[in-house]
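**Q** Right, I'll just put the structure down here and ask away after.
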Amino acid sequence: MKTFFLIIFMGMVSVASAQVTPLKQVEVNLLMEPGSNVPSWYRGAPLPTLESKTRVSAFIFLNGKKLPPGNFTYSWTIDGNLDRIASGKGKESISYAFPKSKGSASAIQVEVLDTKNKLRGKGEILINPRIPEVLIYEKSSSGPITARAIKNKTMGPGSKFEIKAVPFFMNFVAKSDLQFIWFQDSSPQNAVDGQPDSYVVEAMPGSGGQNATFKVIITNTKSLLEKVENSLYAEVR
C-alpha cells in the first residue's frame with residue numbers, strides 16, 4: 001500500500017494597506033454682525049442683545065488665501081445643537097436670535113469640509129447679550145455734544161439748556177418705532193415740539209436750591225419688552 005502525502009504550502013499574501021492622505025487644516029475666522037442700532041457718530045460697533053438678530057459669517061483661509069465658500073459644506077451648531085436648516089453646502093452664514101429667557105452667552109460653532117474631502121477646519125465664537133441703554137447728552141445749536149454723556153448738571157436760576165436722549169443697542173427699523181416719555185421728578189413733561197427725543201431743562205428766576213431729577217423712558221413699540229431709561233440730576237444754585 002502506497003502512502004501519499006499531500007503537502008500544502010500556505011503562502012502569506014502581503015496586503016498593502018491603503019494610504020490615507022490626511023486632511024489639510026484650514027483657518028476659519030468668524031465675523032459677528034449684530035442687528036442692533038447705534039448712532040451714526042458712534043465710533044464703536046453694534047452689540048448683540050436679547051432682542052436683536054446677530055449674523056455670524058465664516059471666512060476660510062489656507063496659507064493666507066481666502067477660499068470660496070461655495071467649495072465647502074458648513075455644519076453650524078448653537079450651544080452644541082446642530083442647526084440642520086442653516087447647515088449645508090455654501091452656507092457660510094447663520095442668523096441667530098437669543099431666546100427671550102436666555103441671559104447667558106451662546107457658543108456658535110462651525111465645521112467646514114471641502115467638497116473634495118481634502119480640506120477641513122472649524123471655528124467658534126462666544127456671543128454675550130448686551131442690555132440696551134440710553135445716554136443723555138447736552139445739545140448745542142449744531143446738535144448734541146457727544147464728547148461725553150451727562151448725569152449731573154449745575155445751572156443758575158433763570159437759565160436753561162436742552163438735552164437729547166440717545167438710545168444704544170436697541171432694535172428698531174425707524175426712529176418712529178420708539179416712544180419717549182420725559183419726567184421732572186415724578187411728573188410727566190412735554191418734549192420739544194417735533195423732537196420727542198429732546199427736552200428743555202429750565203430753572204425759573206428765583207429757583208435757587210430747587211433741584212430736580214429729569215428722567216426719560218424709551219419703549220420700543222414694536223417690541224414692548226425692550227425698554228430703557230436714564231436720568232439727569234440738575235442742581236440750581
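**Q** Cβ-Cβ below 7 Å, separation at least six or inter-chain, first residue in region 171-194 and on the phi > 0 side of the Ramachandran plot, second surrounded by 11 or more Cβ atoms within 10 Å (Cβ to Cβ) and of a type in the set (Gly, Ala, Ser): which pairs?
**A** From region 171-194, the pairs are Asp185/Ala212.
**Q** Within region 156-185, restricting attention to residues that are over 26 Å from the mean Cα position of the chain (by Cα) and not in a strand (DSSP E or B), which residue is nearest to Val200 (Cα to Cα)?
**A** Ser159
Per-residue answers, yes or no, for (1) on the phi > 0 side of the Ramachandran plot; (2) out of contact with any strand residue (DSSP E or B) (no Cβ under 7 Å at 6 or more places or on another chain):
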site: Pro48; (1), (2): no, no
site: Phe72; (1), (2): no, no
site: Asn81; (1), (2): no, yes
site: Gly88; (1), (2): yes, no
site: Leu126; (1), (2): no, no
site: Pro129; (1), (2): no, yes
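**Q** Has region 70-89 got at least one residue that is among the basic types (Lys, Arg), surrounded by fewer than 16 Cβ atoms within 10 Å (Cβ to Cβ), within 30 Å of Asp177 (Cβ to Cβ) and in contact (Cβ under 8 Å) with a residue 24 or more places away in the chain? Write out each step before concluding.
**A** Applying the first criterion (among the basic types (Lys, Arg)) to region 70-89 yields 84, 89.
Okay, now just the ones that are also surrounded by fewer than 16 Cβ atoms within 10 Å (Cβ to Cβ), so 84, 89.
Going one step further and asking which of them are within 30 Å of Asp177 (Cβ to Cβ), we end up with none.
No, every residue in region 70-89 fails to be among the basic types (Lys, Arg), surrounded by fewer than 16 Cβ atoms within 10 Å (Cβ to Cβ), within 30 Å of Asp177 (Cβ to Cβ) and in contact (Cβ under 8 Å) with a residue 24 or more places away in the chain.
Every number here is computed from the coordinates shown, using simple stated rules; none is lab data. Model, not experiment: these values are computed from the prediction. Every residue, glycine as well, gets a Cβ built from its backbone with ideal geometry; the counts of neighbours run over all protein chains shown.
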